[in-house]
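The next block holds one structure in the form of structure tokens; read it before the comments.
The values are calculated or read from the model by the stated rules, or taken from the named source; none is laboratory data. What you see is a predicted model; the values in this text were computed from it and never measured. No Cβ is skipped: glycine too gets one built from the backbone with ideal geometry, and neighbour counts run over all protein chains shown. Accessible surface is based on the protein model in full, side chains and every heavy atom, while ligands, DNA and RNA are left aside. Shrake-Rupley method; radii C 1.70, N 1.55, O 1.52, S 1.80 Å.
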Amino acid sequence: MSQTHMLAKIRKLLAKAEDPAASPEESETYTAKAAQLIADYGIDAALLSADDPGSDRVADRVVGLDAPYARDKAQLLCDIANRLRCQAVLRTRPVAQGPTEHSVHLFGHESDLTRTDLLFTSLLMQSTHRLAQTPVPPWEHKAAFRRSWQAGFRMSVSRRLAEAESRAQTQATGRTSHDGRSTGLVLADRSSEVAHALRDAYPTAGRARARSLSGSGMREGYLAGEVADLGGTRLRGGRIPIASTEAAPPGTAGPPRGATR
């Protein structure tokens, strides 16, 4: 199946998943299949680029995240990027008269950045909608509950994406590039290229301590992530562009691969 045909099939599956007439079971089945096809798309793109060097180059994108919960949105993006074979640097910039600005600098092959872009925008919209519908317990601090909810959502989505990517790679074990390289070797080489690009831009970046969250919404957020559409309307409709950029100054770098400051 060509990449164009695969994307067309994904769009059809997601249209069925979002049809109000579909039962919850049918919607979940369609969504799971769409998520797997997105993973398969990533494998196909990797093998095609191995046979046509330069067709799927390593690139970078910077995404600015707006309040409220800008850091939580940034962490969702970092988690998705990591699962889809990209790497991410979370950057913060204090502002004298306002909240701290958060952005994420993504590195990856163009096809993987496209997958990340598609999924992040869709999942961000879904999580925002679901969170708005989730009541905050009267005894709970609203912001603390919502941050913990979003942490649970991220954990669930990350697990599901990891499983889909692993299945796609396992199913492609017997495939090779024209020069005889296995799927695993092709993916390892691509990951090395991405890591090299990040190190060139942020030679001193490192990991930081994980956040400590006090809210009780993690379980509800996790369950919401279990049924989230891992493709969403973004594959069928307009896109929110992620701007390309030159590598940012190393002094603004945060920790790579989705870790947080």
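Annotations for the structure displayed:
- Looking only at segment 65-109, residues that are within 27 Å of Ser192 (Cα to Cα) and over 14 Å from the mean Cα position of the chain (by Cα) come to 4 in all.
- Any hit, segment 112-123, residues being under 24 Å from Leu48 (Cβ atoms) and either among the aromatic types (Phe, Trp, Tyr) or open to solvent by 60 Å² or more (accessible area, probe 1.4 Å) (or both): yes
- In segment 70-81 there is no residue matching the filter, namely being crowded, with 19+ Cβ neighbours inside 10 Å and on the phi > 0 side of the Ramachandran plot.
- Any chance Ile43 is open to solvent by less than 20 Å² (accessible area, probe 1.4 Å), in contact with a Leu (Cβ under 6 Å, 6 or more places away or on another chain) and at pLDDT 85 or above: no
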